[in-house]
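Notes for the one structure printed next.
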C-alpha cells in the first residue's frame, strides 16, 4: 500500500490479454497502484513518455509477430534507466528468451499471473536468516584410570636366529644418454609445415539482436537448422570459406563454433536497402541453441534463402 498523500506507483500493461488485464484491475488499484492498459505494442513509446511508469508489463501472445520487436527494444532501453520490466506469456518457451531481449527482471507465465496478480509488482521478500544458537558446552570427561594388568611385553635384545642375508647385487649399467634435440631446428620445421598441414580459420565475432544488421536465415523448413547466420559486411569472403565463429545469441549467451560461407549477397545497386554480406552455415550448433534462436525468430522474421 502507498502511504496517505503519496502518489500511486504507475503500472503500464501492454497487450490484448483481456483476462490478465481484468485480474490486474481487480488487484493493483486496491494495492495502491495506478494501472494503465494499452492493447497494441505500437502505442507503447508515446504512452511511456506521457505516463512515465515505474513498472511495464508486456502481455505477449502465444506467437509474437514483428510488431513486438520495437516494444522489446523500447522496454530494454527503459530498464537501463530504472524502469522495472515484467514479461508475461502463455508458456515458458515463449517468455524466457524474449524476457532477456526486453531487459525484464522477471518472466512469468499467464497462469501464474491469473492465480497471483501481485507477482507483476512484487519484488519478493528476502528470506530472514535463522538465529544462530551457540553450541552447547562440551561435557567434562574425567581421565580414565590406568589399566591394571601384566607388564608390557618387550622385545628381546638379540634378534632371532635365521639364515644370513643374501649379498647385494650390483646395479645394471645405465643406458647411454640420447643426444639432445635441436630445438631451433624443430621450431623452423614447424614454421615451415604449419601453413600446409593446419590452415588457420578466419575468426569472426557476430552478435544478433532485434536491431542489428546481422540476422539469421532459414531454408525450406523455416527452422535455423536449415539455414544459419547472415553476417553484414562490405567485404564478404568467397563461398566455401571456413570460419571460426563466436556467435552472440539474442539472450546474451555466446557460443564458439565453426561455420562455412554458403552464399554471398552483394549490395543492391537499385534500392540499396539490403546490406551486403554472406550467409554462414553453422556447424555443430547444439539443439538448445537452435530452439532458443527459433523462439527469437518469432519476434524478428529471418531471411529466407534456400542453400544448395
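The table that follows gives values for the structure above.
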quantity: Answer residue from the stretch 276-302, given it is surrounded by fewer than 16 Cβ atoms within 10 Å (Cβ to Cβ) and more than 19 Å from the chain's Cα centre (by Cα) and is modelled with the highest pLDDT among those; calculated: 283
quantity: Test set (1) more than 27 Å from residue 74 (Cβ to Cβ); (2) in a strand (DSSP E or B) - residue 216 fails condition number; calculated: (1)
quantity: Count of the stretch 21-44 residues which are in a helix (DSSP H, G or I), closer than 22 Å to residue 70 by Cα and modelled with pLDDT of 85 or more; calculated: 1
quantity: Selection within the stretch 230-289 - without any contact (Cβ under 8 Å) to a residue 12 or more places away in the chain and assigned to a helix (DSSP H, G or I); calculated: 287, 288
quantity: Those residues of the stretch 44-69 which are more than 20 Å from residue 294 (Cβ to Cβ), touching a helix residue (DSSP H, G or I) at 6+ places or on another chain (Cβ under 9 Å) and without any contact (Cβ under 8 Å) to a residue 40 or more places away in the chain, in sequence order; calculated: 44, 45, 48
quantity: Members of the stretch 1-15 that are at pLDDT 85 or above and farther than 14 Å from residue 121 by Cα; calculated: 14, 15
quantity: Selected residue [closer than 30 Å to residue 99 by Cα and in contact with a strand residue (DSSP E or B) (Cβ under 7 Å, 6 or more places away or on another chain)] from 239, 264, 304; calculated: 304
quantity: Qualifying residue in the stretch 108-121 (condition: assigned by TED's automatic domain parsing to the domain that holds residue 29, surrounded by 16 or more Cβ atoms within 10 Å (Cβ to Cβ), within 22 Å of the chain's Cα centre (by Cα) and farther than 19 Å from residue 26 by Cα); calculated: no
quantity: Residue selected from the stretch 86-96 under the condition in contact with a helix residue (DSSP H, G or I) (Cβ under 7 Å, 6 or more places away or on another chain) and surrounded by fewer than 21 Cβ atoms within 10 Å (Cβ to Cβ), by the criterion nearest to residue 300 (Cα to Cα); calculated: 93
quantity: Answer from 13, 76 - the residue that is in contact with a helix residue (DSSP H, G or I) (Cβ under 8 Å, 6 or more places away or on another chain) and either crowded, with 21+ Cβ neighbours inside 10 Å or in contact (Cβ under 8 Å) with a residue 40 or more places away in the chain (or both); calculated: 13
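The values are calculated or read from the model by the stated rules, or taken from the named source; none is laboratory data. Predicted model only: the values in this text are computed from it and were never measured. Ideal geometry is used to build each Cβ from the backbone, glycine not excepted, and the neighbour counts take in all protein chains shown.
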